[in-house]
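A.B. asks: My structure is below; once you've seen it, I'll send some questions.
The values are calculated or read from the model by the stated rules, or taken from the named source; none is laboratory data. The model shown is predicted, which means the values in this text are computed figures rather than measured ones. Every residue, glycine as well, gets a Cβ built from its backbone with ideal geometry; the counts of neighbours run over all protein chains shown. Keep in mind that these areas ignore ligands, DNA and RNA; they rest on the heavy atoms of the full protein, side chains included. Shrake-Rupley method; radii C 1.70, N 1.55, O 1.52, S 1.80 Å.
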Amino acid sequence: MPNAYISGTGYYVPPRRVTNDELVTEYRIDTSNEWIVQRTGIEERRFADAGVSCSDLALKASEMAIRNAGIDKKAIEMIIFATLSPDQHFPGSGCFLQEKLGLCDGDSATFVPALDIRNQCSGFLYGLATADSMIKSGAVKHVLLVGAEVHSAAIDLTTRGRNVSTLFGDGAGVVVVSATDADRGVRRWNLGADGRNADKLHMRIWDISKRPYIPLDESGNGCMLPEMMYPNMNGKAVFKHAVERMISVLLKTLGDVNQSLNDVDLFLFHQANLRINQFIQQQLGVPEEKFFHNIQRYGNTTAGTIPILLAEAEENGRLKPGMKVAIVVFGSGFTWGCALIDW
Ligand code: ACO
């Protein structure tokens, strides 16, 4: 059975920086740099321009990942696309990306399968587990695994929505997951979900049990109330469950392979809130230097956080071949997961 390893990483964030101060001056949100930094560590985020979708961000990140993997794009045998802000409700963004990558072009069109994953902040890790399983089954050799979001279009950038909208940013991270006979790669993963907490962090848009599924005005046009249109979050519940689940899934996954926290060289945690990650780091007694964060610059890019972290850590030399990496995520659902990788 082959092993599955990450052969190439890439990322792309839109050029437009939005600082915490600009949320006050440009968007007139009643917040402050001090409030946001103190509670979340976020200093700025990137916002895509109108007209840019998450498959556009993913395209640029994919080109970098494919280049770094040293393969031709035609060698990709499957696309897995994790996002909660897809280009459209359907079809999935994986299909849009496939076409933009030129995989439907000409005589050498590959028409590879494209699978969308809807597991929010845990989406990339659910995708990694899927890619790992597909590769170990022998079905495919190279999977393009994407985590990409355009949040800025669909968050309430007013004071009404400040508890959520100040946290999120846009960006894409992509990895190529490849088969290898070498003794390296994804060693173990665990995933989990607790649907009892679905309402603690959700964005409804519609209620498909209703007729009509979106309220209509007198002219028969769809109209949507803010509580349907934008994400809702119970921040304190998210914080508490994130700490508990991230610690327990990390310790379980290490235990599964008879390893300890000391064996890990680099911890890459979902970038939801720097304070969540620092709290866990202190609870576990792990040295701060073993963590790499970028939430200060990008905010929470949901499915994008882990692949962007991987690509940046590799680019700046924090992540080197031979290192043992622990990835831990938590998100809406609630969902969570951990993967151990020998890089
Ligand atoms: N600026 C200023 N004031 C704000 C802001 C803001 N951006 N957001 C909320 N407030 C106000 C609230 O209106 C409230 O005011 P009130 O007391 O007058 O009613 C007050 O601050 C406290 O609000 P809480 O929501 O109770 O604030 P809390 O101390 O819990 O901090 C926070 C909020 C930072 C969101 C925190 O709960 C948290 O980090 N939770 C984790 C959530 C998270 O990380 N979500 C990311 C998405 S999920 C994921 O990726 C896993």
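A.B. asks: Is the shape of the chain best called rounded, prolate or oblate, per the rule: a/c under 1.5 gives rounded, else a/b larger than b/c gives prolate, else oblate, with a ≥ b ≥ c the square roots of the Cα gyration tensor eigenvalues?
C.D. replies: oblate
A.B. asks: Students often check this: by mean Cβ neighbours within 10 Å, which of 29-36, 219-226, 111-118 ranks highest, and how do the rest follow?
C.D. replies: Numbers: 29-36: 15.5, 219-226: 9.8, 111-118: 18.0.
Order by mean packing, descending: 111-118, 29-36, 219-226.
A.B. asks: Let me ask another. Sorted by average packing, counted as other Cβ atoms within 10 angstrom per residue and highest first, what order do 86-94, 150-158 take?
C.D. replies: Working: 86-94: 17.0, 150-158: 20.1.
For the peptides 86-94, 150-158, the packing ranking is 150-158, 86-94.
A.B. asks: Please report how far the C-alpha centroid of segment 1-57 lies from that of segment 202-225, rounded to the nearest whole angstrom.
C.D. replies: 30
A.B. asks: Suppose R0 equals 45 Å; then what is the FRET efficiency for K240 and E99 from their Cβ-Cβ distance, rounded to the nearest 0.05?
C.D. replies: Numbers: r = 42 Å, r/R0 = 0.94.
The pair K240/E99 has a calculated efficiency of 0.60.
A.B. asks: Could you name the lysines in cross-link range of K236, using Cα to Cα under 25 Å and dropping any fewer than eight places away on the same chain?
C.D. replies: Output for K236: K200, K252.
A.B. asks: When ligands, DNA and RNA are left out and all protein chains stay put, how many square angstrom of accessible area per residue does segment 3-182 have with a 1.4 Å probe?
C.D. replies: Numbers: 7390 Å² over 180 residues.
Computed with neighbouring chains in place, this is 41 Å² per residue.
A.B. asks: Expressed as a rounded percentage, what relative contact order does segment 3-182 have, with Cα pairs under 8 Å and six or more residues apart? Walk me through the numbers before you get to the answer.
C.D. replies: Values: 388 pairs, mean separation 63.7, N = 180.
Across segment 3-182, relative contact order equals 35 percent.
A.B. asks: If packing is taken as the average count of other Cβ atoms within 10 Å, what order do 303-309, 208-214, 325-331, 123-129 fall into, highest mean first?
C.D. replies: Values: 303-309: 31.1, 208-214: 9.3, 325-331: 25.9, 123-129: 27.9.
By packing density, highest mean first, the sequence is 303-309, 123-129, 325-331, 208-214.
A.B. asks: Sequence gap of 8 or more, or different chains, plus Cα separation below 15 Å: how many lysine pairs satisfy both in segment 3-182? Don't skip to the answer; put the middle values down first.
C.D. replies: Values: K60/K73; K60/K100; K73/K100; K73/K141; K74/K100; K74/K141.
Lysine pair count for segment 3-182: 6.
A.B. asks: Using a cut-off of 17 Å between alpha-carbon atoms, which aspartates and glutamates can reach K240, once sequence neighbours fewer than 8 places away in the same chain are excluded?
C.D. replies: Partners found: D194, D199.
A.B. asks: Let me ask something else about it. Got a number for carbon plus sulfur as a percent of segment 3-182's accessible area, 1.4 Å probe?
C.D. replies: 49
A.B. asks: Shape of segment 192-341 from its Cα gyration tensor (a ≥ b ≥ c, root eigenvalues): rounded if a/c is under 1.5, otherwise prolate when a/b > b/c, or oblate?
C.D. replies: Working: a/c = 2.82, a/b = 2.17, b/c = 1.30.
The shape class here is prolate.
A.B. asks: Something else now. Are there DSSP H segments in the chain that both extend 18 Å or more along their axis (alpha-carbon positions) and score a mean Kyte-Doolittle hydropathy of at least 0.5? List them, or say none.
C.D. replies: Numbers: long enough: 54-69 (22 Å, 0.20); 123-136 (20 Å, 0.67); 235-256 (31 Å, 0.37).
The answer, listed by residue number, is 123-136.
A.B. asks: Sequence neighbours fewer than 8 away in the same chain don't count; with that in mind, list the aspartates and glutamates whose C-alpha is under 13 Å from K320.
C.D. replies: Reachable aspartates and glutamates: D265, E312, D342.
A.B. asks: What span do the alpha-carbon atoms of segment 3-182 cover on each of the three principal axes, reported in whole Å from largest to smallest?
C.D. replies: Principal axes ranked by extent give 53, 35, 26 Å for the Cα atoms.
A.B. asks: How far is the Cα center of segment 255-271 from the Cα center of segment 58-117, in Å?
C.D. replies: 30
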